[in-house]
Amino acid sequence: MFERLQLPDVAAVARRTMLGALAVGVLGLVVLLLFSQTWAALGLCVGIALGIGNFRLIVRSVLKVGRRADANKRRPLAMNTLGRLMTMTVVALVLAWVKPPLGLGIIGGLALFQFLLLANVTRSMLKAGLSGPAGGGFAFLLGAGAADPLGAGDVPGAGDGPGAVAGGTRDSGGAAGEGAA
């Protein structure tokens, strides 16, 4: 599914996500400060900064692991990412327990960044699918071509050859629907 997502698309997704996170972060900061929620505003900024930092570390890890000649490239990447996510989650939960507005602001900032990242990746994939050979964004997301929306062309036995299913009975050499099973 991601093989059509080209390197310029990844850079565009990263740029849109970073700029969007900064814009929404500034807007959220202003709104929270207007309502005198300074701890939540600080938490929102810290959460967005953690999201940006995590994203940059993931990109760096992907580049580093991609240069290796090892056969198993997914495990180190997954372990690094899971370790960072667990650390950020523990820090956010501890801060939510100690100072609820700060911790909830951090959790909100992290969630906001992840939502923006997901929205931008989805946008790029739909855009690539609309201009690609599949002809449709949803067909691209589902991994099927536009002419074959259910992917039936990939199913063995779905053709017209011997043993094809026609009329609910199996064709055993006779006409379709006449064969005795």
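Here are the numbers for this structure:
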item: Theoretical FRET efficiency, 1/(1+(r/R0)^6), r = Cβ-Cβ of SER36 and ALA111, R0 35 Å, to 0.05; result: 0.95
item: Paramagnetic reach from TRP97 (point 7 Å along Cα→Cβ, amide N under 18 Å) across the stretch 19-41; result: none
item: Difference of contour (0.36 nm per residue) and Cα-Cα distance, LEU118 to ALA23; result: 32.5 nm
item: Extension gain, LEU82 back to ARG60 (0.36 nm per residue minus Cα-Cα distance, nm); result: 6.4 nm
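All of the numbers you see were taken from the coordinates with simple rules; none came from a lab. Values in this document were obtained by computation on a predicted structure and should not be read as measured data. Cβ: placed from backbone, ideal geometry, glycine included. Neighbour counts: every protein chain shown.
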